């Protein structure tokens, strides 16, 4: 299986939202082969609990605005690892330490990486 076009659209919305709140080290993995109910995992790192919460909230808000339905959210209270499940797309927003500790990239290393397009910052005008 290959991730659907809808999953790719959701990924781009989520990536832009994460980037707008300072999300770092965005990695998307096509997990559609081993996980028949999910197409893409998006992994994002935040620098602090407050940053993790802001990134997760922005991603959730933007996907809801685009008409996608959230199935569940976990970890928001602690904001060390927030998981947001939108069905075809599951977003993991990590604090730096949790991202290293859990190493999802290692666990899913056999899954193809999906390109993530985040808008380039606008050039400052003089």
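Residues in region 21-41 include none that are modelled with pLDDT of 95 or more and part of a helix (DSSP H, G or I).
Scanning region 93-114 for residues that are in a loop (DSSP other than H, G, I, E, B) and either touching a strand residue (DSSP E or B) at 6+ places or on another chain (Cβ under 7 Å) or modelled with pLDDT under 90 (or both) yields 108, 111, 112.
Please indicate, with yes or no, whether at least one residue in region 57-80 is part of a strand (DSSP E or B), surrounded by 21 or more Cβ atoms within 10 Å (Cβ to Cβ), touching a strand residue (DSSP E or B) at 6+ places or on another chain (Cβ under 7 Å) and at pLDDT 95 or above. No, that holds for no residue. Here the condition is being in contact with a strand residue (DSSP E or B) (Cβ under 9 Å, 6 or more places away or on another chain), within 23 Å of residue 103 (Cβ to Cβ) and loosely packed, with under 15 Cβ neighbours inside 10 Å; of 49, 33, it holds for 49 alone. Give me the residue from region 15-30 that is touching a residue at least 40 places away in the same chain (Cβ under 8 Å) and farther than 14 Å from residue 45 by Cβ and, out of that set, surrounded by the fewest Cβ atoms within 10 Å (Cβ to Cβ). Per the criteria, the residue is 16.
The values are calculated or read from the model by the stated rules, or taken from the named source; none is laboratory data. Since we're looking at a predicted model, the values are computed, not measured. A quick note on method: Cβ atoms are made from the backbone with ideal geometry, for glycine too, and the neighbour counts reach across all protein chains shown.
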